[in-house]
Every structure is written in C-alpha cells, then in structure tokens.
1. Of all residues being in a strand (DSSP E or B) and open to solvent by 10 Å² or more (accessible area, probe 1.4 Å) in the range C:239-252, which is farthest from the other protein chains (Cβ to nearest Cβ)? Just the residue, please.
2. Among the listed residues A:83, A:98, A:61, A:42, identify the single one that is on the phi < 0 side of the Ramachandran plot and either modelled with pLDDT of 95 or more or acidic (Asp, Glu) (or both).
3. For the range B:67-114, which residues satisfy the criterion of being within 17 Å of residue B:5 (Cβ to Cβ) and either without any contact (Cβ under 8 Å) to a residue 60 or more places away in the chain or in contact with a Lys or Arg (Cβ under 6 Å, 6 or more places away or on another chain) (or both)?
4. Does residue A:301 fit the bill of being within 10 Å of chain B (Cβ to nearest Cβ) and closer than 30 Å to residue A:225 by Cα?
5. If we scan the range C:85-105, do we find a residue that is of a type in the set (Gly, Ala, Ser) and within 19 Å of residue C:13 (Cα to Cα)?
6. All but one of (1) closer than 29 Å to residue A:238 by Cα; (2) at the interface with another protein chain (Cβ under 9 Å from one of its Cβ atoms); (3) surrounded by 19 or more Cβ atoms within 10 Å (Cβ to Cβ) hold for residue B:127, so report the exception by its number.
7. Scan the range C:199-213 residue by residue and report those that are open to solvent by 10 Å² or more (accessible area, probe 1.4 Å) and farther than 24 Å from residue A:93 by Cβ.
Amino acid sequence: MEFTVQQIADLLQGEIEGDNLTKVSTLAKIEEAQSGALAFLSNPKYEPYLYTTGASAVIVSDKLELKKPVSAALIRVSDPYSSFSTLLQYYQAALLASKTGVEEPCFIGSGSEIGEDHYRGAFSYIGNNCKIGANVRIFPQVYIGDNVTIGDNTTIFAGAKLYSNTIVGSNCTLHAGVVLGSDGFGFAPQPDGSYKMVPQIGNVVLEDDVSIGANTTIDCATMGSTIIRQGTKIDNLVQIAHNVEVGKHTVIAAQTGISGSAKIGNHCVIAGQVGIVGHITIADKTTVGAQSGVGKTIKKSGTIIQGSPAFDYKQNLRALTVFRKLPELQREIEALRDRI
Amino acid sequence: MEFTVQQIADLLQGEIEGDNLTKVSTLAKIEEAQSGALAFLSNPKYEPYLYTTGASAVIVSDKLELKKPVSAALIRVSDPYSSFSTLLQYYQAALLASKTGVEEPCFIGSGSEIGEDHYRGAFSYIGNNCKIGANVRIFPQVYIGDNVTIGDNTTIFAGAKLYSNTIVGSNCTLHAGVVLGSDGFGFAPQPDGSYKMVPQIGNVVLEDDVSIGANTTIDCATMGSTIIRQGTKIDNLVQIAHNVEVGKHTVIAAQTGISGSAKIGNHCVIAGQVGIVGHITIADKTTVGAQSGVGKTIKKSGTIIQGSPAFDYKQNLRALTVFRKLPELQREIEALRDRI
Amino acid sequence: MEFTVQQIADLLQGEIEGDNLTKVSTLAKIEEAQSGALAFLSNPKYEPYLYTTGASAVIVSDKLELKKPVSAALIRVSDPYSSFSTLLQYYQAALLASKTGVEEPCFIGSGSEIGEDHYRGAFSYIGNNCKIGANVRIFPQVYIGDNVTIGDNTTIFAGAKLYSNTIVGSNCTLHAGVVLGSDGFGFAPQPDGSYKMVPQIGNVVLEDDVSIGANTTIDCATMGSTIIRQGTKIDNLVQIAHNVEVGKHTVIAAQTGISGSAKIGNHCVIAGQVGIVGHITIADKTTVGAQSGVGKTIKKSGTIIQGSPAFDYKQNLRALTVFRKLPELQREIEALRDRI
C-alpha cells in the first residue's frame, strides 16, 4: 500500500509543508524511520530526531517551530499522536480487510451458515450447524466444532480451536493457538485412589469486543457457561477454568490463572502470573499485582492487592521492606536478649 | 438427541410422576433450566427452584415430599446426584460416539494401522508406521508423527501434536493444543559462551487412563522416556520437562512446571502454578499448595507443603501470619531497644 | 537405520573388541539397553552394568580394564561421552534429513520462494511473498503468514504459527505450537472505562541459531521489532511481550514471562516461572532464580538475584531462613517485652 503525503494530509485534515507528492508505504518510529516511511513527533524530547530522520514524511504539531531545516515532508495537525493512532488503525484494518474469500481446501460441515465478506483460510475447519456472522476472518488451520455461534467482524487467527457449542460475540479477536471449550478439570476421587472424570457438558461464552491472547485456554463449564463479558481483554497463555465469570472491561495479563467458579468483577486490572483460587468473588475495579496469589473474596470495589497470599499492596510493600532486613532484625533481638 | 421421560426413568430405574411422554433434549442446572431441559435436585437448599424451574423434567429423591405443585415431570430415584452423573456420562459418551468415519482431506503415512470404529477429522495427520487402536477419535488438525502407538478408546482433540515415537495408552484424553515429545531443554555451554544443542532422542509415554489439558507440553526424554503413569490427570498449560516421571493417579493443576528428571509419586495432588526443580523425588500422596516452589526431595508419604521455597504448610501459614505484621514487629524491637 | 559396529568404529576412529559385524539400530542408556542397541560407558559408577547390559555394542574408554567377560561388542575410544554425543547428533540430523519433499495437500501463496532440499508437510500453509531458505523443514499444519523470511537449515515443527512479516534466521528450531507475531497486549483506557486496541504493526525477529520451545508465544512490536538475538534458547510456554529485546546466547527456562519493552542482556540465565516487568534493562550475564519477580533494572553484569520481588540471592536466602522462624522470633520479642 502506497500513499502520497497529500492523501494522508486530506485524511487527517492536516496542512502540508514540503512536497505533497512524496510517497510513503510504511509507518515507523521517528528515530528508526527510513526512506518511504511516515513517522510522527509528539514528545518534544524526540525533536532532535526530526532534523536527522530518514523518514519521507513526519506528522508534527501545528504549533511546532522548526529550529533547523528538515528534509522530510511535514504534515501539521493539532494532535500528532492522536492522528498517528488513527493512521495505525486504518493501516491494521486495511491489512485485515485485504484477507477475503475462501482458500482451498477448507472444511465446512452440514447446516452451517456464514455471513458476507468473510475470509476462510486453507485447512480451516467448521463443523455442523454453526452460525457465523458477516465480515468474519477465519485464518488457516482454525478449528470450529459443531453448533458454534460467532458474531460479525470477529477475527480468529491461525490455529485457534473452538470446541462445540462455543459462543463468540461481535468484534472479538482470538489469537493463534487459543483454545475455547476444553474440558474443565473435574475428577471425582474414587475409594481406590483413582479419579473418575466428571463430564463437562457446558460451554464458553465470549461477549462482544473481547480479545484473547495467543495460546490462552478457557475451559467449558461443567454445566452452563464459562463467561467473558463485553470488552474484556485477556493476554497470552492465560488459564481460565470451568464456570469462571469475568466481568466487563477487565484486563488480564499474561500467564495468569483463574480457578473454577471464580467471579471476577468489571473494570478489574489483573497483572501477569497471578493465581486466583476457585469459588471466590473479586469486586469491581480491583487491581491485583503481578505474581500475586488471591485466596479470598474481595468485597470492596477499588481494592489494590499484592503478594502470595495477596493482601493490601501498601501493607505488603512495607512487610517486604522489613523482610529483606530479617537477618539484621534477628541479630538485634539476640543482642537485646543478651543485654537483658 | 431427544429422549422421553419414560426412556430416562427406565435407564435410571426411577419412578415417574407426571407425563411420561414429556421430551427432553438437554441437561441443565435446576436454577437455570428452560423448557426441554432435564435437571436434578439433590441439595435441599435448591428445593425452592423446583417449584419455579422452567425444566421439563427433574430428577428428585424418592423421599422428597412436595410442598407445592410442580409443573415439571419428576423422576424419583434413591440418589439424584449419582443418577444425574450417570446421565452426564451417557450424554458425553454419546456426543463423542457420534463422531465416526473419516473426513477428507486427511493424511496417513505408509505402514500405519488404525483400529475399527475410529474418527479421523479433516486435516489430521498420521505419519509412517503408527499403530493406533480401535474406537480412537482423532479430531481435525491433530498431528501424529512416525512410529507412534495409541491404545483403544483414546480421544485426541483438535490440533494436539504428538512427535514421532510417542506412546499413548488406552482411554486417554488429550485436549486441543497438547504437545507431546518436543525436545527437552538441553543445551551444553561452550567455551565461547554459546550453547550447543544436546540431542534429545527419547520419547514420551502416557499409560492408560491419562488425561492431558489444553496446550500442556510434555518434552521427550534425552534418552529413554518421559513417563506419565496410569490414571494421572494433568490440567491446562502445564510444562513437564525431559525424563520426568509422574506416578499413578496423581493430579496436577494448571500452569505447574516440573523440571527435568524429577520423579513425582503416586496419588499426589499438585496445585496450580507450582514449580518443581529437576532431579528430585516427591513421595507418594504428597500435596503441594498453589504457587509453591519445591526445591528439595520429599521423602515422607503424605507430606503437605506450601510456599516458595516450599516447607510444611502449617509452619508456612504461621510464618505468613507474622510476615504481615513485620513493620509492627520492627517498631516493637526499636521500642525495646530505646527502653533498655 | 541399521549400522554395523565396524561402521560406527570407523566413524569414531575407535578400536573394536568383539564381532565387528554386530548390528545396532538404536541408542540407549547402558542400564536400560536391549539387543540391537548401542550404549556407552563413561562414569565408572556405571561399570557394573557393562557386564550385564543387553546392549549389542558399548562404547568404552581405551583405558578400561575389563573385570569380567562382556557379551557386547566393544568400541574403544579416548572419550566415550564425547563420542556418544557425536553419534547422537548424527542420529538426530539423519532423522530430520529423512524428511524431504512436499506432502499434499499443502498451501503456498503467490510470490513465495523456497530453497532446495526442503520439507513441507501436509496441511502446512505459506502465505504470499515469503522468502524461505534452503534445507528448511516445515512440518504439517505449520502456518506462515505473508512476507515472512526464514533462513537456511531452520526447522519448524508441527502447528507452529508465524504471523505476517516475521523474520527467522538460519539454523533455528521452532517447536510445535509456537506463536510468533501475535498482537502485543496494548489497550488504551477510554473515559467510559472501556479499552481501545492500540494497533500493533511491528514484527518479530529471530536471529540465527535461536531455539523456541513448544507453545511459547512472542508478540510483535507495536512498531519496529521484538528481537531475539543470536544463539538464544527459549524453553516451553514462555511469554515474550511486544518490543522486548533478548540478547545473544541467553537461556530462558519454561513458563517465564517478559513484559513489554524489557531489554535482556547477553549470556543471561533466566530460570523457570520468572516474571520480568516492562521497560527495564537486565545486564549481561545476569542469573535470575526460579519464580523470581524482577521489578527493577539490573545494571551490573554477573548479578545473581532471587525472590519476588527479586534481590541479591544470598541476601534472599538469609532472609528466607529467618522467615521460617518468624513465629519463634515473635514469641521471643514478646518474652523480651514481658521481661522489661
């Protein structure tokens, strides 16, 4: 994709300084940009790069006063960062939109329907009786079992696996290797010490605008649904167990694990490598620090916790400060004892 | 699948109260069930739902005395929970059994044999010289390398990958994205600071009745076998390194990692996000708490440990209780010092 | 593959004791070896097995004096361990080399080139405009997006997924289920509490001689590249976030997570289940103990740290020793207070 500076300035309603026919074909950081790239300058700290950049064009503030001559064409706008973000979004949307049509061979079972303007990559598999919306992109080697429902504008990257009966909303993104609907880890101990599988016949439900990172696994419910509510974003290699419910607009960072039947509130922020035990409830707007282990229900909205086991993060920080000095503390106690 | 209440009562040897021709096609919790669903009532706490449920039929105790009229058909049995579990198992088995035959295209190499009544999904791959039992279900996009052996009644869900020479027993379940037989992490440091790969030519052996969760990885042995013994259940996103041996009927929860050559006993319970260092032995019936780091051999059967590094869980709990009060403890010591 | 003892002795420049026509077809440990296997004896502790082994041939030291008769053919060399390692490497290379040609169906887009002597497994997918070197092995169900570059002699095992624009060097190994180039976890909070995706248009670059373990995920950069430098080895289920840079000849063990824009030095050793926060720098030759949480930049080369949060490992060990005794310490303080 190649554009002239004029086309980009029109899109951003910016004013051009320099050659309006200069062509750009990629986006780059101002300090790394080379010929053919469009960059932006927002943070004044980076202004020196403006005079040395290899970029063919740079988006700058309409208030910027140049201190030296600039070889790149300039596009002046009121908020360069926001304008550049807009371009990034156009760019990514255009990339995805360029994937259309059906690559062969791919498999679609009986009774399955799929909306207009979709992409189905080679070796993708759709089972029986699925209902898939319009403008959906299904990359190569994706597996979609039977009776799966998927909303409009959802993208499923290569090799993601959706077990039968999964429900995915609109505008969702599932990254490569995601598994939705694997059996919950339910095994009943038997008198002889062996375990008997507890059948898991529920499903996974993702509401609209949900994003799931690469190789993350979400188990189906024993009965009913494991639910991820609207707008929630989940990072890579996260484990969500059976019957968990995650609220709206919550973010969960990489390698976190949430045990069975836990309920996570809306607008929570859960950092990486956190563990949350089963059957507890986490209040709305809770923040959990990285590597924490949450063992108890959090009732108060806005709580910030840290540690394994987790408790108030300020209290935890203070305890950790003393923890480092424990050997000195021990010596001090011994000294006191000797003196008495 | 649709059944009449009569058919289900016959199966469970229960007595019908209401219309024996009522039809049900799904199973649900009594508090969520809608028309067409069969539910059960075991815990008396849930009895109020019996009088309001949308379920078409409910399995209840033969001793239950109704306090109000019930619109659902009732099936009375001696143990409703156990009867419902039986139904769940029939249901899940029937779902799996409905997958039979071979979907095209799929790949099978030379010299490979596969037993009767199997399912091979589209885009599944079987290499050369494999011996695969009867009633095996191989879902779409599964990869099975060369010289792999798989026992009867084993199910391998979509996209699981079995490297060459893997051996899987009967009645095993491998969930989507499982990797068996990837190279052990063996690299010999060289004088120049680089690393040279130590070839890993062993394999992975799963005995009968083993279950492996989604996206779990089990490395092949350097030589010999990485072994998971009979009846052991492993959750999602677990890492099992080369030459590890896990005993019989042990359960390992999600995101746990076991380092090379560790030996885990029989009937152990290992919680989530645990790390176990290499070359140690964990005694039978050991319980390891979540997020623990086990650095030493556990010799005594029945040991319960917790913490990183892990030690006796009661001792750990007591130490953690004091940990939270460390700032107060420090102040107290300072006060004592001032007073002396 | 079957060889005579004579062929192996020629390869290793060893001397034969016994039947030079004895045939071997596999490699095994001396204590487990059976007929047809070639074993080695290096550690004197294992000498007793030499007189009882089922191996058909054993590589031994040219200085070994036999104490009993041996049924296996012997190959005498100066360094048995090193000779055996050489054989292991021949063995593994021969196994890989036996995979050649193209299995159908597989998919290759327009404008893509691939060098000589390659293997492409069934159901593998290569997008448009890719440049793939010679002697590359692409196993079944691998996904390679558009504009991907791959160097010579690289092996990509079953089901690995490389998003568009990924660059992989020569002599790399990517294990099953690896994901390279998934979106970085970037979401900008909006005034209404929802999150808006920040487009991630960068890529992933692996330099030469890099090895990536099964189901590990490496996100693309927001702009620019997430980079893994030459010779670095990464284990299974590791998470590398956007814009991270990992130096040369560093090893990262399983289930470790590195947050966005962190820079890891050369020759570092990072143990399993470690978490590293974003935007920090880790000096060359740093060692990080298992389950540590690294929250601050490490400036000094050769630093060894441990703990969550991590600090000097010796200081951490001493603090942990006192941690276990905290209840006693508390009692002691109470006793002192009472006595004053």
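1. Step one: of the range C:239-252, the residues in a strand (DSSP E or B) are C:239-240, C:245-246, C:251-252.
Right, trim to open to solvent by 10 Å² or more (accessible area, probe 1.4 Å) and you get C:245, C:251.
Values: C:245: 13, C:251: 6 Å.
Result: C:245.
2. Details: A:83 fails: either modelled with pLDDT of 95 or more or acidic (Asp, Glu) (or both); A:98 fails: either modelled with pLDDT of 95 or more or acidic (Asp, Glu) (or both); A:42 fails: either modelled with pLDDT of 95 or more or acidic (Asp, Glu) (or both).
Exactly one residue qualifies, and that residue is A:61.
3. B:70, B:71, B:72, B:74, B:80, B:84
4. Numbers: within 10 Å of chain B (Cβ to nearest Cβ): no; closer than 30 Å to residue A:225 by Cα: yes.
No, not satisfied.
5. So far as the range C:85-105 goes, yes, one or more of its residues are of a type in the set (Gly, Ala, Ser) and within 19 Å of residue C:13 (Cα to Cα).
6. Status for residue B:127: all satisfied but (1).
7. If the condition is that a residue be open to solvent by 10 Å² or more (accessible area, probe 1.4 Å) and farther than 24 Å from residue A:93 by Cβ, then C:205, C:207, C:208, C:209, C:211 are the ones that fit.
One line per residue, one yes/no per condition, for (1) among the hydroxyl-bearing types (Ser, Thr, Tyr); (2) touching a residue at least 12 places away in the same chain (Cβ under 8 Å); (3) in the same structural domain as residue A:149 (by the TED database):
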| position | (1), (2), (3) |
| --- | --- |
| A:11 | no, yes, no |
| A:15 | no, yes, no |
| A:18 | no, yes, no |
| A:24 | no, yes, no |
| A:45 | no, no, no |
| A:54 | no, yes, no |
| A:61 | yes, yes, no |
| A:64 | no, yes, no |
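The values are calculated or read from the model by the stated rules, or taken from the named source; none is laboratory data. Keep in mind that this is a model prediction, so the values were computed, not measured. Cβ: placed from backbone, ideal geometry, glycine included. Neighbour counts: every protein chain shown. Calculation scope for accessible area: heavy atoms of the full protein, side chains included, ligands and nucleic acids excluded. Shrake-Rupley method; radii C 1.70, N 1.55, O 1.52, S 1.80 Å.
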